[in-house]
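The values are calculated or read from the model by the stated rules, or taken from the named source; none is laboratory data. Predicted model, so just to flag it, every value in this text is computed and none were measured. All Cβ positions, even for glycine, are placed from backbone atoms using ideal geometry, and neighbour counts span all protein chains on display. These accessible areas exclude ligands, DNA and RNA; they are computed on the full protein's heavy atoms, side chains included. Shrake-Rupley method; radii C 1.70, N 1.55, O 1.52, S 1.80 Å.
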Amino acid sequence: MRKATIARIAAALTGVLVATACGSDQGGEGGGDPDGRGPITFATIKDGTGTVPKLVEKWNAEHPDEKVTIVELPEGADGQRQKLVQQAQTASGSHDVITIDIPWNAEFAARRWITELPEDSFDVDGFFPSALEGSRYRGKLYSIPHFTGSAMLYYREDLLKKVDAEPPATWAEMWDVCEKVLALPEAKGMSCYTGQHDKYEGLTVNFLEAVASAGGQVFDESGKPAVDTPEAAEGLRFLVDGFDEGHIPSDAITYKEEEGRRAFQQGDLVFHRNWAYIYALAGADDGSSEVAGKFGVTVIPGQDAEGVSALGGNNLAVSAFSTKQATARDFIAYLTSLDVQLEHAEGSAYPMTRTEVYSDPDLKKRYPYLTVLKEGIERAQPRPSIVRYGDASAVIQNHVYAALKGEKTVDDALAAMQKELTQLTQGS
């Protein structure tokens, strides 16, 4: 899920965003055919499980005149986004259905690169509300949730039992449990906690989660920056103090998802914030994991209670330049229907977007973390729905990273972030 659920929007793309005006009256004019039918292409991320190709084959067998061809997007969210932006800027109709990360929804809708979707063509009642919220722009539906997800806190269940501790609900509880666990002889050389702290999109997500878990927000409901608050300061201070006080190991300043996953899987961490995709890897019984059978999962902690995750996942949208938009809409409705999502979940560990999937007894037996994941998704908040999200993420990364490295104080980092984000969003 790493590539699917966490977008890596590179700062190198800033020029693309700056060159295009912020308002929704700018951008492509479409030119596609909303009533067109026929064979279509589906631009999506690579599916290592082979489940999506099987679902497409099933569609093709039932729709011989409207067959779907899969086109794999580049590896990594930054490359995926760059490819889709290039296609849109040239008004290319080569992709009919496109896979977009949730925070791209607002930008692609504002640029008129994707089409508004008629809600009566889709069964939207069964989706997680947070996932559906991230699919709208200015109150209108522009994409349909395909995969979703929230962060989970992985913990060494065996070591917590040795100190008679429960999984923590707050940051303070987590630090207290760590102090007890790290005093154990078998915990020699271990560290307490890591998330994703390198300067990339994962750092933005960890910051958004920390602020939300302290009761704050990075952007308010009107889209204005809101990091000049005590809650935002508490969120950033959680991360900064984690490094300063040694709860987070110093080398975690370079950690993305995989570095942290390997550290936890090798038995180097008591707690680790990551996505659902690492559950199977950490639990592998082939000798590749030192913690197989020794860990559990819970929702991420917060300042005073359980924390709030940033919503992960991918959505499906219809390219405004597609000449076969009617078929594209039907295919999206098929791929996101309950029956197909259940079938998809049986063949892969991707977190689906319909709540009913998480109540299926067979799936809950196969994926024991589903209850925790569902709770996390229900508490999660979408990343900010702003047109220049990529630029905003780069601003956040720069100042949070400087604070983590001790180059700026928490207050100075947030003051500079508030100023730059305000300049960025003015007129958007």
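Summary table below
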| read-out | value |
| --- | --- |
| Unit charges on C-beta of K, R, D, E only; dipole of region 95-208, Debye | 380 |
| Sequence-separation-based contact order of region 300-428, relative, with Cα cut under 8 Å and 6+ spacing, percent | 23 |
| Burial ranking of peptide ranges 271-279, 295-303, 401-409 (average Cβ count within 10 Å, highest at the top) | 271-279, 295-303, 401-409 |
| Mean accessible surface per residue for region 190-309, computed with a 1.4 Å probe while every protein chain stays in place, in Å² | 35 |
| Angle between the chain longest axis and helix 410-425 axis [Cα atoms, degrees, rounded to 10] | 10 |
| Solution diffusion estimate, µm²/s, Stokes-Einstein, region 199-316, Kirkwood Rh from C-alpha pairs, 20 °C, viscosity 1.002 mPa s | 137 |
| Highest average packing first - 211-222, 232-243, Cβ atoms within 10 Å | 232-243, 211-222 |
| Cut-off under 5 Å, modelled amide H: who pairs with Thr41 long-range | Thr69, Asp96, Val97 |
| Loop trypsin sites (Lys or Arg not before Pro), region 113-158, which have at most 14 other Cβ atoms in a 10 Å radius of their Cβ (DSSP) | Arg138 |
| In region 55-123, the GluC sites (Glu not before Pro) that fall in loop regions by DSSP, at most 13 other Cβ within 10 Å | Glu75 |
| Lys, Arg +1 and Asp, Glu -1 on Cβ, resulting dipole of the chain about Cα centre, debye, nearest 20 | 720 |
| C-alpha long axis of helix 51-62 to longest principal axis of the chain, angle in ° | 20 |
| Orientation-averaged projected area, Cα convex hull of region 168-265 (nm²) | 6.9 |
| For region 50-144, convex hull of alpha carbons as volume per residue, Å³ | 133 |
| Cα coordinate range in the chain, projected on the principal axes (Å, largest first) | 67, 50, 32 |
| Region 279-335 pair-distance distribution - Cα-Cα, 5 Å bins, rounded % | 4, 14, 11, 9, 9, 12, 11, 11, 11, 7, 1 |
| Whole-angstrom Cα spans of region 316-424 along principal axes, big to small | 51, 43, 19 |
| Acute angle (nearest 10 degrees) that the helix 389-404 long axis makes with the longest principal axis of the chain, alpha-carbon atoms | 10 |
| Percentage relative contact order, the chain, counting C-alpha pairs under 8 Å, at least six apart | 29 |
| Computed [θ] at 222 nm, helices only, for the chain once each DSSP H run of length n ≥ 4 contributes -39500 (n - 2.57) | -12000 deg cm²/dmol |
| Carbon and sulfur %, accessible surface of the chain computed with the full protein complex present, 1.4 Å | 46 |
| Solvent-accessible area of Ser309 with every protein chain in place, 1.4 Å probe, in Å² to the nearest 10 | 10 |
| Residue (of Phe147, Ser121, Ile100) at the positive-pole extreme of region 91-176, dipole from beta-carbon charges | Ile100 |
